[in-house]
Amino acid sequence: MESLKGKFDTVLFDADDTLWENERFFRAAEDKFIELLKDYTTADGVQDMLWRKQEDNIPLFGYGSKTYMIGMTDAAMDLCGGTLPEHIYYGIKKIITELAFHEFTLIEGVEETLQALHGKYKLIVATKGDLTEQLNKFRISGLAKYFHHCEVMENKDEKNYLELAAKLDMDPSKMLMIGNSVKSDIVPVVNIGGLAIHTPHEITWVHEMMDMPESDRIIEVSSIKEILDYLL
């Protein structure tokens, strides 16, 4: 195992499902939506329609629970024949309200890891999604004291990471990104010459699913605490 100590002065962290739980709450919301529409089609039919509407809406409205509500409403309109019954509308609103105000849960080992790195590296949150939603999660997480900055990106592709590197006055080859999503946290950083550490989460959003490429600039660990073996 090659140490990374002294090779980087800044460490970037993904937020959702890297620092705190997120996808499990969206899955729970999805299950409630399927139950709400069970009289109109099969469970698979509801899920497939929701996923299709989400993919249509993300380029227009970005990420987050508000876009999820639009996707649910669009899916329900199609499944209900073009007219949205009142109980379906209010059911969707209740699901999204519960999603937006779910119990906040840090990933196990996160705080201890940040405590160990704090003062030794400049720590940056690099996340994507609705600006207000993501910043609110960052505030209530209690982790702000460890971080120099929280950046909510429009997306997480090569272009966005290059823009972030320029904003931070950082050579892209000196970018070290830690996150759970192969598609958003690992591949684009490696493609611009940086290094990425993959911290897996047991639940992956279908939109983020991607095979792990082979690269000597990717490190895979089993938990976030293991990054300390490389950085300290």
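Could you tell me whether the stretch 60-70 includes any residue that is of a type in the set (Val, Ile, Thr) and either part of a helix (DSSP H, G or I) or more than 20 Å from the chain's Cα centre (by Cα) (or both)? Yes; the residues of the stretch 60-70 include at least one that is of a type in the set (Val, Ile, Thr) and either part of a helix (DSSP H, G or I) or more than 20 Å from the chain's Cα centre (by Cα) (or both).
Per-residue answers, yes or no, for (1) under 14 Å from the mean Cα position of the chain (by Cα); (2) within 16 Å of Thr18 (Cα to Cα):
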position: His148; (1), (2): no, no
position: Glu158; (1), (2): no, no
position: Asp185; (1), (2): yes, yes
position: Asn191; (1), (2): no, no
position: Lys225; (1), (2): no, yes
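Exactly one residue out of Ile96, Ile70, Ile124, Ile92 is surrounded by 14 or more Cβ atoms within 10 Å (Cβ to Cβ) and modelled with pLDDT under 90, and it is Ile96.
Would you mind finding the one in Asp216, Asp185, Asp171 that is free of Cβ contacts under 8 Å to residues at least 24 places away in the same chain and touching a Gly at 6+ places or on another chain (Cβ under 9 Å)?
Result: Asp171 is the single residue among Asp216, Asp185, Asp171 that is free of Cβ contacts under 8 Å to residues at least 24 places away in the same chain and touching a Gly at 6+ places or on another chain (Cβ under 9 Å).
Condition check ((1) over 14 Å from Asp14 (Cα atoms); (2) outside the structural domain of Glu55 (by TED's automatic domain parsing); (3) in a strand (DSSP E or B); (4) touching a helix residue (DSSP H, G or I) at 6+ places or on another chain (Cβ under 8 Å)) across all residues:
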{"position": "Ile140", "(1), (2), (3), (4)": "yes, yes, no, no"}
{"position": "Glu151", "(1), (2), (3), (4)": "no, yes, yes, yes"}
{"position": "Lys156", "(1), (2), (3), (4)": "no, yes, no, yes"}
{"position": "Ala166", "(1), (2), (3), (4)": "yes, yes, no, no"}
{"position": "Ile197", "(1), (2), (3), (4)": "no, yes, yes, yes"}
{"position": "Asp216", "(1), (2), (3), (4)": "yes, yes, no, no"}
{"position": "Ser222", "(1), (2), (3), (4)": "yes, yes, no, no"}
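Answer with yes or no whether Thr41 is over 26 Å from Pro200 (Cβ atoms), assigned to a loop (DSSP other than H, G, I, E, B) and polar (S, T, N, Q). Spelling it out, Thr41 is indeed over 26 Å from Pro200 (Cβ atoms), assigned to a loop (DSSP other than H, G, I, E, B) and polar (S, T, N, Q).
The values are calculated or read from the model by the stated rules, or taken from the named source; none is laboratory data. Everything quoted here is computed from the prediction, not taken from an experiment. Note that we place each Cβ from the backbone using ideal geometry, even for glycine, and neighbour counts take in every protein chain shown.
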